[in-house]
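To keep things clear, I will list the structure first and then write my remarks on it.
The values are calculated or read from the model by the stated rules, or taken from the named source; none is laboratory data. Since this is a predicted model, take the numbers as computed values, not measurements. Cβ coordinates were reconstructed from backbone atoms using ideal geometry, including for glycine residues, and neighbour counts include every protein chain displayed.
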Ligand SMILES: Nc1ncnc2c1ncn2[C@@H]1O[C@H](COP(=O)(O)OP(=O)(O)OP(=O)(O)O)[C@@H](O)[C@H]1O
Ligand SMILES: [Mg+2]
């Protein structure tokens, strides 16, 4: 098989589709799976930057945050129709990515990490100060989005398959991008910027476009996350969350969107499992993550390739 | 003059107290190989950096086909038809040899803001990439990741990438460096064959190759052009002997 990454992704999608029917159909499991899939989308979008472009962003949670707060703002204005809210959430995050990316992408390496972190913190403190939307305490949504006036998303199983459908779409999109002309330039500039310039490509516009696309997908994840939890708080934008996302990407391996997908699922599920095992789960989780970074070069995707 | 493709006018560049380009003026015509020789540290690579746009000169002018490109960015100059190879091989290690060449083809083949179609399935890109690889004799290694190529093959790829740009001017920085005798001979044959289509500025330490290939030679020492002329003139120039050529090479 020439495309093992596709097989892996399809196997994961099949498992996620079957999950509700093989014992994971209760509300609790569905919520957990939805959360895992949503972080899957966010991690895939971040992997476009980190893996595809070599752009290590430590501010990606802000993209989710902008999407989530778009839901809040519209909810407060009594707009809860998905066909309105989703495009606004995506658009707002894309715009935020465009404005911050236009500046951040002028830098590279450690400076890029720091400036994305700074923009993320800016967004974090901004949401904390939004008294109208609950400030630090956050904002509770009493209902999920409506789709053409229907409240079908309230049903866990419908929400599950909505997230799965979007996850597949996001995976396919990012995979296509990486194999396109655009992706080729992006990766060339990641590997050898001077070479990219020497054949005629100025990396900046390609990187900025990737940043905006990743931001847009992050915004979509944020909209979904708000609806999964029916609650939004500034904690969504905390830099720790950006770190988690970065971790998922690295844990999965930088070889493509299927890696980020595996990283996100593993991260969310292991975190949940450990939390149930012991209340000191963080003491185990931290070292576990460090272990993975040290001993699993190429991440989970790398393990599968060798195994 | 339509045949004058590249013209340097009074180029100067200093690195702190060190003058690396000292009032250099030279030109390059269509259909010629103009060799630039000089001892290590003479400023040859620095000059190529300024022509290609990696470095900005402190003063002076660079004209490409009559257009002042002194202040244009490297990518822009490349798209205009000014291609360079690097003394230290500069390729995309994670791409195959073909993908490396196809990247260069892609740069002059419509927009690269295309997001969905797999680039690897674009026949037009692949054909031209393969043509460039074939020209340097690398076609059998087309699907090998560039990182896995031998040193000599990487030098061939470096040249193939420049050819895939279909430039008007080729700036070649020691294309033979580090290649075996057989590879060097092959590359020399290729360079000789390219003369008709491109104007080539060739930096090379391999003196037999330079004297065999070059139509004109400029000698650089400590940033200055100390001699200029046909291979015969250069061979006979006493200043050149002193500054650069070993006796055995001149003999
Ligand atoms: N970025 C830089 N900063 C300071 N000095 C530099 C820099 N780049 C090159 N130099 C110096 O400028 C001089 C010219 O270097 P250059 O690489 O152009 O020489 P060259 O003629 O290509 O030599 P070689 O034949 O060894 O390739 C050298 O003395 C070098 O040490
Ligand atoms: Mg040099």
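The table below gives the values:
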item: Pick from the stretch B:31-43, criterion within 13 Å of ligand 2 (Cβ to nearest atom) and assigned to a strand (DSSP E or B), ranking: surrounded by the most Cβ atoms within 10 Å (Cβ to Cβ); result: B:36
item: Lone unmet requirement of (1) buried (at least 20 other Cβ atoms within 10 Å of the Cβ); (2) at the interface with another protein chain (Cβ under 7 Å from one of its Cβ atoms); (3) in contact with a helix residue (DSSP H, G or I) (Cβ under 6 Å, 6 or more places away or on another chain) for residue A:195; result: (3)
item: Selected residue [at pLDDT 95 or above, within 12 Å of ligand 2 (Cβ to nearest atom) and either surrounded by fewer than 18 Cβ atoms within 10 Å (Cβ to Cβ) or more than 13 Å from chain A (Cβ to nearest Cβ) (or both)] from B:70, B:46; result: B:46
item: 1 or more residues more than 16 Å from ligand 1 (Cβ to nearest atom) and more than 19 Å from the chain's Cα centre (by Cα): qualifying helices (runs of 4 or more DSSP H) within the stretch B:99-210; result: B:123-135, B:181-194
item: Residue in the stretch B:49-60 that is in a strand (DSSP E or B), within 16 Å of ligand 1 (Cβ to nearest atom) and out of contact with any helix residue (DSSP H, G or I) (no Cβ under 6 Å at 6 or more places or on another chain) present; result: yes
item: Per-region count, the stretch B:87-99, residues more than 9 Å from chain A (Cβ to nearest Cβ) and closer than 8 Å to residue B:129 by Cβ; result: 1
item: The stretch B:100-146, residues that are buried (at least 24 other Cβ atoms within 10 Å of the Cβ) and within 7 Å of chain A (Cβ to nearest Cβ); result: B:103, B:104, B:106
item: Selected residue [within 17 Å of the chain's Cα centre (by Cα), within 16 Å of ligand 1 (Cβ to nearest atom), at pLDDT below 95 and assigned by TED's automatic domain parsing to the domain that holds residue B:237] from B:17, B:38; result: B:38
item: Scan of the stretch A:160-191 for residues that are more than 17 Å from residue A:9 (Cα to Cα) and surrounded by fewer than 19 Cβ atoms within 10 Å (Cβ to Cβ), ordered by number; result: A:191
item: Exclusive hit being in a strand (DSSP E or B), away from ligand 1 (no atom under 16 Å from the Cβ) and assigned by TED's automatic domain parsing to the domain that holds residue B:172, set B:11, B:28; result: B:28
item: Selection within the stretch A:136-161 - touching a residue at least 24 places away in the same chain (Cβ under 8 Å) and part of a helix (DSSP H, G or I); result: A:136, A:137, A:153, A:156, A:157, A:159, A:160, A:161
item: Residue B:171 vs. criteria assigned by TED's automatic domain parsing to the domain that holds residue B:67 and crowded, with 24+ Cβ neighbours inside 10 Å; result: yes
item: Some residue of the stretch B:178-186 being surrounded by fewer than 18 Cβ atoms within 10 Å (Cβ to Cβ), out of contact with any strand residue (DSSP E or B) (no Cβ under 9 Å at 6 or more places or on another chain) and under 27 Å from residue B:5 (Cβ atoms); result: yes
item: The listed residue being loosely packed, with under 14 Cβ neighbours inside 10 Å, more than 14 Å from chain B (Cβ to nearest Cβ) and part of a helix (DSSP H, G or I), out of A:112, A:125; result: A:125
item: Qualifying residue in the stretch A:238-246 (condition: buried (at least 24 other Cβ atoms within 10 Å of the Cβ) and away from chain B (no Cβ under 14 Å)); result: yes
item: Restricting the stretch B:74-98 to residues that are part of a loop (DSSP other than H, G, I, E, B) and out of contact with any helix residue (DSSP H, G or I) (no Cβ under 8 Å at 6 or more places or on another chain), the residue that is farthest from ligand 2 (Cβ to nearest atom); result: B:81
item: Given (1) at the interface with another protein chain (Cβ under 10 Å from one of its Cβ atoms); (2) out of contact with any strand residue (DSSP E or B) (no Cβ under 6 Å at 6 or more places or on another chain), index of the condition residue A:163 fails; result: (1)
item: Condition check for residue B:81: within 14 Å of another protein chain (Cβ to nearest Cβ), crowded, with 17+ Cβ neighbours inside 10 Å and away from ligand 1 (no atom under 16 Å from the Cβ); result: yes
